[in-house]
Structures are given as structure tokens and as C-alpha cells.
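The values are calculated or read from the model by the stated rules, or taken from the named source; none is laboratory data. Predicted model, so just to flag it, every value in this text is computed and none were measured. As a convention, Cβ positions derive from the backbone with ideal geometry for all residues, glycine included, and neighbour counts pool all protein chains shown.
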There are 2 protein chains.
Amino acid sequence: MAPSAVEVINAKRDGGRLTDEQIDWVLAGYTAGDVADEQMAALAMAILLNGMDAAEVARWTQAMIDSGEVLSLPDVGRPLVDKHSTGGVGDKITLPLAPLVAACGAAVPQLSGRGLGHTGGTLDKLESIPGWRAALSLDEIAAQLADVGAVICATTPTLAPADRKLYALRDVTGTVESIPLIASSIMSKKIAEGTGGLVLDVKVGSGAFMKTLPHARELAATMVEIGTAHGLATTALLTDMSVPLGRAVGNALEVAESVEVLRGGGPADVVELTVALAREMLALAGLTDVDPVEVLASGAAYPVWERMIAAQGGDPAAPLPMARHVVPVVAQTDGVLAQCDAMAVGIAAWRLGAGRARKEDTVQAAAGVRLLVDVGEQVSAGQPLLELHTDTPQALPGARAALAAGLVVADPGSGPAVRPPLLLDAVRP
Amino acid sequence: MAPSAVEVINAKRDGGRLTDEQIDWVLAGYTAGDVADEQMAALAMAILLNGMDAAEVARWTQAMIDSGEVLSLPDVGRPLVDKHSTGGVGDKITLPLAPLVAACGAAVPQLSGRGLGHTGGTLDKLESIPGWRAALSLDEIAAQLADVGAVICATTPTLAPADRKLYALRDVTGTVESIPLIASSIMSKKIAEGTGGLVLDVKVGSGAFMKTLPHARELAATMVEIGTAHGLATTALLTDMSVPLGRAVGNALEVAESVEVLRGGGPADVVELTVALAREMLALAGLTDVDPVEVLASGAAYPVWERMIAAQGGDPAAPLPMARHVVPVVAQTDGVLAQCDAMAVGIAAWRLGAGRARKEDTVQAAAGVRLLVDVGEQVSAGQPLLELHTDTPQALPGARAALAAGLVVADPGSGPAVRPPLLLDAVRP
């Protein structure tokens, strides 16, 4: 006899395990519309509060994969390896990373989404480049991987449709914050896209989804375990997200900073993380005799960027959009920049127009925040700490309000202010 | 700033208390359709798993009352007192109880519902009487209370609409089994109907919603606390529901048994419970100098029944419907009837046509089970233990299957088989 939705909900509600049959049935039924939104919401809350064990999470992930198709990329002549970040403020790493890893000899099939809330989306960033288009066919993806070695494009609606539907539901029902559900959501899409190796960048801190290292470690371990169970070589780095990554937060601003990195410059933290993730990806691809630091320094990654952008209709030489209003936020006193909170900066950039409140919203290509001072630097009263960029000046008071508590200039005598270490830990199978 | 649904869900999900403002907002929003079914389902699951304290339950109940109107019955010249049962198999007690308590001098405004699942509904039972109608206006209710002293009629859709909507949602989302939600559902309707006193019959055992005495005691205490907090004099009896109440299970069958009781006969357990609940109700009504045993013996309750039925268009003298098929279930061996499980009998009666699987279903007036032997009685192989009544003979195998494990004839040497005590405990403020 087929399970009923109430039986499945009750099993998890009462602290039991879901059987393979129950998991398969409830996710297939939800995708088909036979299990109602309210039933899945109750189940998601029961999962959030009562958990799932490793075998349940593996099966849940498989059932989400099975709800759609699995990309079958042809042999592109290079090992396939991908990266996924759990999302942070100023996290543009995919942009320099994909061309760099391609320049080192691997192929990077990065199927991405758009941003929602205070973290930006990779596609939103690239769409600030005139002409660039996110939607590619499977043939175009394969051809570009063989030719350029790197593709950053929109994920297709045929991959893990159960996840898309479930994520939208979780977003409005207070059931996002479940490690089994987060892990299976990410991994189902990444496994369905058919990559050969996967490096996870699990962010930790105020601007990240995981606020503490133990939670981030648990999420990373769950995802590495899922990948391993599905035969996908997976490793994870745990990286700091208590301050923004780099100095640019916003779509075109982050593209510009990524180009700086590809040309051998850019902020030290962006370079450090790009290189660290590249090393992990190359290790999974079996390309251990190439050093990404040398490749970056050689300038070989920048032409890959140009070809990657051009292959999707973008003009890498075109000027990026500039905001109509750029206003500074200045220090009120002399002192040391003691805090530059990632969440505060993320919300400010979002309010300036860089992000979306709802899926239907559009984003401003040029909006965002440009940081001018690093944590730990001396500043004088009146000195600009950062710039607010926007086309909609009515957004400025809200952005300033978001920054109020997150930007702290302290008396130099109040102790050392330093940026926390960027690389916190790694999780490998 | 108004709360958002996700904030309210998150507060309970994370083990916190809901504020008065959050409770008022979420229930008003749900009634109006601004809070979605999936959001209320997630909240209901969080409440089920994380609980609500006494103050939250009191406010939740008040917000459900406030979602609709409160009946304001005029002075009918007698104290108003009502009874509510949490539902059991063969539980027809309202039928003899309301006329008996009216004959003792109180007025009983019993607003009832229809049955769903294995427990029957009071309205379904009375509708087996030719001509009887459940729907009354407020004026008709008041007039009948003043004249006859007892009304059993359909509840109006204007009382606690939030509860009606929430109950339908809980039914399909595995969130029925929450003591705060059960208690507030029952009490919101009873408080909104404007009674002056309330006696709760909380059933315990296989055929009841609460399977164990501690759970039943907790539910009773929660409801008595809510009633007291709302100024409604409330007491509760905890009564056994491991075997069916009386010997008749089914709509017309239970009406016939109720009439036997009102005429001074009927099964001992039905009489015992009717009298015990009448005493509780009379105590709340301040009518302590009248003995319901004497009133029942005097025959004074039966004419009240006749007038109560006639006032709603029913013919108390008309023959009740008879099932087209009546077949016995016989003992397979000599022995003692050791078990007659309430749930098994309830499901059998339901399958025979006495109950509904879905709200839209109709019920058969004559379908049900008539028990012929009490637990503890000696039986011989081939002796009928009970009769199955139905108009749809194709239902017979399903009814027999439901009874298979619930009807046990044991070797007389295997120890005493006795009906458990009926009255288990009482909860008073």
C-alpha cells in the first residue's frame, strides 16, 4: 500500500526514521502536486525539529535528483570540477576562480542561481556586463567547456524540480534553517549537474547563513557525506564571513574587483580564497602539478575570462555601468575601524538596489557598497570609510541605517582590531 | 510593526513563547487568508513539537473566539450548562443526558458537529429520526431552551471560524495530536456558544483520541484551565473508552438505545455515565438538591426527549430505519469474551456505513454494530457475539476484517476478563 502524506508526516513528527519508500513517495508526490504545500510544510518543520540521519539525507537527496533530469555532459577533454558557496557578502569568488581553474587545465561547469536577500547572485553580477547572457543550452555548455574550459550560466528548470518547489516553500514557512534540508538542496542540484568533483565553500559568521563554526562544520560534513555517498568527490573549506569579502559589494562593483584579481591585483583576501579554492578543485581534478598562484601571476587566467564572457555574448572590454549617486559614509571620530559587519554591509547593498526582496524584483547593476578602509586601519574624523552606490537616492537613508550598528570606529586604546583569519577549517571525506 | 508569518513561526520553532500580539495577528491573518495554509501548517507542527504554556493557550483560545461571533443567549429562566465529549465509540450520551438535565431544571444548549472517522457524530445520530432537522436559528435555540430546556443542533459557521479552518488543516498535516491545539479548539467553540457551565467527558483508551490516562489528564487539565481563565465554570471526567459504550454503535441503533435509557432501561454503563455527567452539570448549574437517578427512574426525562425531538421537526414515535442486511459474527470456540476493542468496533461500524471517511460523505442511518455479549461473559462456539447492520453488503468483509484482532474469545482458565472501570478520574479547577 502506498504511504499517505499524514503517515509520513507522523513518522517524522514522532521522532522516527523515514523509510526509503516514504521519502521517494513524498517527494515524487510533492513534485507532481499530489502532496499539498501545507503537508510538505508540516513535514519540513518536523524534519527541522527532529532531524534526519545520514541514510535519510542521502535518500532524500537522491529523490530530489530523481524528480528531474541529470545532465549528461559529453567528454570535454578535461576533468570536470565545480565549486559551490553557501553565500556571503561580497562573495564574487566564482568569477576569478572559474577562469583560473580552467587556465590550470580543468573544466568548470558552474550552473548558478540569482540572489535573494542580502547575498548577491553570481548571475546578477555577470549580467552587469553589457551583452552577457545567462541561459545556455546543454550543447552550448558542452562546447564552451571543451573550448574555453569554464561556463557560468543559469541552472535549468529540469534539474531537481522538487528542490526548487521545496525551497520556495521553506522560504515562507520558517523551515530554511535545517541542515539536512540545506545540504540535500545544494547537493541534489550539484549532483544533477553532472560534475566530476565538487569543492564547497561553507561561509561562517554574521553575513553567512551559518553563524557559528560548529553549525558550519556540521553542514559541511553533511554535504561531504552526501557527495561521497553519491560517488561525487567532495571537499569543503570553512571560511570567514564576519566581514565582507574584498572591498566591493554589488554586481558591477564585484565584476570590476574580479577583473583586478585576474589581472594580478585585487584585495588580498579575495586572492587568498580564490587560490585556496583553486587548489582544492585541482586536487579533485587530479591536476596537482600545476600551481594556481603561478598561473594567476602569469596572467594566463585573464584571457580565459575574456573568452568565457565573449562566448556568452558579453563584451569584456565594455565599460561597466556606474551608479548615478555615489556618496561617502565618513568616520565620526578619530580611531581604528574596529568592526565592519558583513550582514550590515550586505543589507545596505541590498537596500541600495544590488539585491532582491522578492524573486520578481530586478536588481541595479551599479548599486552597492565600496569599502575604502580595512578593519584594523587608523582613520580620522571625516575620513570616508565606504561609498554607497545607487541609482535610487531615496534608498540612501535605509542603507545608512543598516550600517549604523555594523560600522564601529573605536578608540585605538581599546585593544587590537584585526580581520579574523579567512580560512577556518577544511572537511574532507 | 506587524509581525510576519515567518517571524511567528520562527519564534515557536526556536522554542520561544508567542506574544499576545503574535497570536492575535497570526489567527486573524489565517482567518482572513493573509497567512497561508502552508505557514499555519508549519506553525501547527512547531506548536505540536514545542508546546504552548498556559498563557499562550488562553490567548490562542481567545483569538479563535474573536475570529467569529459569540452567541448571546437571552435569559431562558434556567441556568445554562453544557457537556462536551472528546469522542468515542458508541458514545450517544448526549442524547439521554440533555433531556435528563433539562428535566432536572437546567437548560442544555448543545451545539454539535458531524462525525468523521471511527467516532460518530451526535447530529448524524439524531438525523436517523424521521423529520428531525439540525439547523436552528438563534431565536429558535433560545425559544426551545426556555420551553423544553434542551437543544441539540448544528453549530453555526459564525462561531470560531478560525477553528473550523485550522481543524481541517490539522487533519491533513499530522498536527491533530497536540494538546494545546485540541484544548483550544474545543474550548473556543464552547466558550463562543455562551454556555454558563461546561462538563467535559475526556475519553481514554483504544477507541479514544487519548490512549493513556496521563495524556487524557493533561488534556482535561488544560481545558479546565482555559475555561477557568475565561470565566466559564468547567469540570472534566476521565472515562474509559477501551470497550464501546453500551451495546449499540451506529446512528439509529444508538438512538434506540438512548430511548431505552430514558425509559428507565438500557445498558448499565450508559446509565452510569449519563448519571455521572448529569451530576457534574447540575453541580455547575447550582441545582444540587435534585438527584438525576430519581428523575430518570421517575420517567420525567422521556417526555422532555419527545418534546425536544418534536420541536425540531422529528417524530419521536416514528419507527427508526432498519438495515437491509443484518448478519451475526459468531464465536469460533467455547470460552470467555476477553476483549471487545473499541477501535475495532468503531472501524467496523464506520466501514458498514455509519461514519464518514471524508466530510462530503453521507452516512447510513441504520448501519452499525450491535453487541450481544459483554466482556467477561461465557460464550459457546457458534454463538453470535455481535450483529453487523448495513445497507451495503459489500462492506461486510471489511467490517469483519476490522473486528478480527479486536474480538477475542479466550480459554476460561486464562484469567478473569472484566470490563475496566468506567469512571477513571475527575479534574476540577
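Out of all the residues in segment A:183-240, which are touching a strand residue (DSSP E or B) at 6+ places or on another chain (Cβ under 8 Å) and among the polar types (S, T, N, Q)?
Once the filter is applied, which keeps residues that are touching a strand residue (DSSP E or B) at 6+ places or on another chain (Cβ under 8 Å) and among the polar types (S, T, N, Q), segment A:183-240 yields A:T195, A:T212, A:T228, A:T234, A:T235, A:T239.
Select from segment A:181-218 the residues that are of a type outside the set (A, V, I, L, M), over 20 Å from A:D341 (Cα atoms) and touching a residue at least 40 places away in the same chain (Cβ under 8 Å) and list them in ascending order.
Selection gives A:S184, A:S185, A:S188, A:K189, A:K190, A:E193, A:G194, A:T195, A:G196, A:G197, A:R217.
Cβ-Cβ under 9 Å, sequence separation 6+ or interchain: first residue in segment B:405-427 and over 27 Å from B:E218 (Cβ atoms), partner assigned to a helix (DSSP H, G or I). Which pairs?
Once the first residue is over 27 Å from B:E218 (Cβ atoms) and sits in segment B:405-427, its partners that are assigned to a helix (DSSP H, G or I) give B:A405/B:A344; B:L407/B:A344; B:L407/B:V345.
Residue by residue, here is whether (1) farther than 30 Å from B:L407 by Cα; (2) of a type in the set (A, V, I, L, M) holds:
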{"residue": "B:L284", "(1), (2)": "yes, yes"}
{"residue": "B:P303", "(1), (2)": "yes, no"}
{"residue": "B:Q312", "(1), (2)": "yes, no"}
{"residue": "B:P321", "(1), (2)": "no, no"}
{"residue": "B:R324", "(1), (2)": "no, no"}
{"residue": "B:D334", "(1), (2)": "no, no"}
{"residue": "B:Q339", "(1), (2)": "no, no"}
{"residue": "B:A342", "(1), (2)": "no, yes"}
{"residue": "B:A349", "(1), (2)": "no, yes"}
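I need the full set of residues from segment B:39-55 which are within 13 Å of chain A (Cβ to nearest Cβ) and touching a residue at least 12 places away in the same chain (Cβ under 8 Å), in order please. If you could, list the steps in order and put the result at the bottom.
First, pick out the residues of segment B:39-55 that are within 13 Å of chain A (Cβ to nearest Cβ): B:39-51.
Hits for segment B:39-55 are B:Q39, B:M40, B:A41, B:A42, B:L43, B:A44, B:M45, B:A46, B:I47, B:L48, B:N50, B:G51.
Evaluate the following for B:T235: is it closer than 26 Å to B:S188 by Cα, at pLDDT 95 or above, polar (S, T, N, Q) and out of contact with any Ser or Thr (no Cβ under 9 Å at 6 or more places or on another chain)? Walk me through how you get there before you give the answer.
Details: closer than 26 Å to B:S188 by Cα: yes; at pLDDT 95 or above: yes; polar (S, T, N, Q): yes; out of contact with any Ser or Thr (no Cβ under 9 Å at 6 or more places or on another chain): yes.
Taking the combined requirement at face value, the residue satisfies it.
Test A:E7 against the criterion of being assigned to a helix (DSSP H, G or I), over 21 Å from A:L159 (Cβ atoms) and facing chain B (nearest Cβ under 10 Å), and give yes or no.
On the way: assigned to a helix (DSSP H, G or I): yes; over 21 Å from A:L159 (Cβ atoms): yes; facing chain B (nearest Cβ under 10 Å): yes.
For A:E7, the condition - assigned to a helix (DSSP H, G or I), over 21 Å from A:L159 (Cβ atoms) and facing chain B (nearest Cβ under 10 Å) - is met.
Looking at segment B:15-38 only, could you name the residues that are assigned to a loop (DSSP other than H, G, I, E, B), within 14 Å of chain A (Cβ to nearest Cβ) and under 15 Å from B:M52 (Cα atoms)?
Going residue by residue through segment B:15-38, those that are assigned to a loop (DSSP other than H, G, I, E, B) are B:15-19, B:33-36.
Okay, now just the ones that are also within 14 Å of chain A (Cβ to nearest Cβ), so B:15-16, B:18, B:33-36.
Correct list: B:G15, B:G16, B:L18.
Please specify each residue of segment B:15-53 satisfying the condition of being farther than 24 Å from A:N10 by Cβ, touching a Ser or Thr at 6+ places or on another chain (Cβ under 8 Å) and not β-branched (V, I, T).
B:L27, B:A28
Is it true that A:A168 is assigned to a helix (DSSP H, G or I), of a type in the set (A, V, I, L, M) and out of contact with any Lys or Arg (no Cβ under 9 Å at 6 or more places or on another chain)? Step through it out loud before you land on a result.
Numbers: assigned to a helix (DSSP H, G or I): yes; of a type in the set (A, V, I, L, M): yes; out of contact with any Lys or Arg (no Cβ under 9 Å at 6 or more places or on another chain): no.
In short, no.
Anything in segment B:133-149 that is in a loop (DSSP other than H, G, I, E, B) and in contact with a strand residue (DSSP E or B) (Cβ under 8 Å, 6 or more places away or on another chain)? List them, or say none. Break it down stepwise before answering.
If we filter segment B:133-149 for residues that are in a loop (DSSP other than H, G, I, E, B), which is where we start, we get B:133-137, B:148-149.
Of everything in segment B:133-149, those that are in a loop (DSSP other than H, G, I, E, B) and in contact with a strand residue (DSSP E or B) (Cβ under 8 Å, 6 or more places away or on another chain) turn out to be B:A134, B:A135, B:L136, B:G149.
I'm checking my understanding of the structure. Among residues of segment A:195-212 that are closer than 18 Å to A:T235 by Cβ and at pLDDT below 95, which one is farthest from the other protein chains (Cβ to nearest Cβ)? Break it down into steps so the answer makes sense when it comes.
So in segment A:195-212, the residues closer than 18 Å to A:T235 by Cβ come out as A:195-204, A:210.
So of that shortlist, the ones also at pLDDT below 95 come out as A:195-196, A:210.
Values: A:T195: 32, A:G196: 37, A:M210: 16 Å.
Only one residue tops the list, namely A:G196.
Considering only segment A:43-57, state which residues are surrounded by fewer than 20 Cβ atoms within 10 Å (Cβ to Cβ) and touching a helix residue (DSSP H, G or I) at 6+ places or on another chain (Cβ under 7 Å). Spell out the reasoning first.
Applying the first criterion (surrounded by fewer than 20 Cβ atoms within 10 Å (Cβ to Cβ)) to segment A:43-57 yields A:50-51, A:53-55.
Within segment A:43-57, A:N50, A:G51, A:A54 meet the criteria.
For residues that are under 17 Å from the mean Cα position of the chain (by Cα) and part of a loop (DSSP other than H, G, I, E, B), scanning just segment A:196-238, find the one that is surrounded by the most Cβ atoms within 10 Å (Cβ to Cβ).
Here the answer is A:G207.
Mind listing just one residue for me: the one in segment A:359-391 that is within 20 Å of A:G113 (Cα to Cα) and in contact (Cβ under 8 Å) with a residue 40 or more places away in the chain and, of those, surrounded by the fewest Cβ atoms within 10 Å (Cβ to Cβ)? Before you say what the answer is, go through the steps one by one.
Of segment A:359-391, the ones within 20 Å of A:G113 (Cα to Cα) are A:359-368.
If we keep only those that are in contact (Cβ under 8 Å) with a residue 40 or more places away in the chain too, we end up with A:359, A:363-368.
Numbers: A:K359: 9, A:V363: 23, A:Q364: 23, A:A365: 24, A:A366: 23, A:A367: 30, A:G368: 31.
The qualifying residue surrounded by the fewest Cβ atoms within 10 Å (Cβ to Cβ) is A:K359.
Quick check, is B:D147 touching a Lys or Arg at 6+ places or on another chain (Cβ under 9 Å), crowded, with 23+ Cβ neighbours inside 10 Å and acidic (D, E)? It would help to see each step written out before you state the result.
Numbers: touching a Lys or Arg at 6+ places or on another chain (Cβ under 9 Å): yes; crowded, with 23+ Cβ neighbours inside 10 Å: no; acidic (D, E): yes.
No: the conditions fail for B:D147.
Quick check on this structure: which one of A:V255, A:V295 is more than 30 Å from A:L407 (Cα to Cα), touching a Leu at 6+ places or on another chain (Cβ under 7 Å) and of a type outside the set (D, E)?
From the options A:V255, A:V295, the qualifying one is A:V295.
Report yes if some residue within segment B:157-167 is without any contact (Cβ under 8 Å) to a residue 60 or more places away in the chain and within 14 Å of chain A (Cβ to nearest Cβ); otherwise report no.
yes
Only one of these is in a loop (DSSP other than H, G, I, E, B) and either modelled with pLDDT of 95 or more or acidic (D, E) (or both): A:I129, A:I152. Name it. Don't jump to the end; show me each part of the working.
Details: A:I152 fails: in a loop (DSSP other than H, G, I, E, B).
Answer to the selection: A:I129.
Checking the conditions here, which among A:A301, A:A331 is surrounded by 15 or more Cβ atoms within 10 Å (Cβ to Cβ), assigned by TED's automatic domain parsing to the domain that holds A:L198 and not aromatic (F, W, Y)?
Values: A:A331 fails: assigned by TED's automatic domain parsing to the domain that holds A:L198.
Within the list A:A301, A:A331, the selection yields A:A301.
On the basis of being surrounded by fewer than 22 Cβ atoms within 10 Å (Cβ to Cβ) and touching a Ser or Thr at 6+ places or on another chain (Cβ under 9 Å), does B:R351 make the cut?
On the way: surrounded by fewer than 22 Cβ atoms within 10 Å (Cβ to Cβ): no; touching a Ser or Thr at 6+ places or on another chain (Cβ under 9 Å): yes.
Against the criterion (surrounded by fewer than 22 Cβ atoms within 10 Å (Cβ to Cβ) and touching a Ser or Thr at 6+ places or on another chain (Cβ under 9 Å)), B:R351 does not qualify.
Just to be sure, is B:D75 within 14 Å of another protein chain (Cβ to nearest Cβ), surrounded by fewer than 20 Cβ atoms within 10 Å (Cβ to Cβ) and in a loop (DSSP other than H, G, I, E, B)? Walk me through it before giving the result.
Details: within 14 Å of another protein chain (Cβ to nearest Cβ): no; surrounded by fewer than 20 Cβ atoms within 10 Å (Cβ to Cβ): yes; in a loop (DSSP other than H, G, I, E, B): yes.
Against the criterion (within 14 Å of another protein chain (Cβ to nearest Cβ), surrounded by fewer than 20 Cβ atoms within 10 Å (Cβ to Cβ) and in a loop (DSSP other than H, G, I, E, B)), B:D75 does not qualify.
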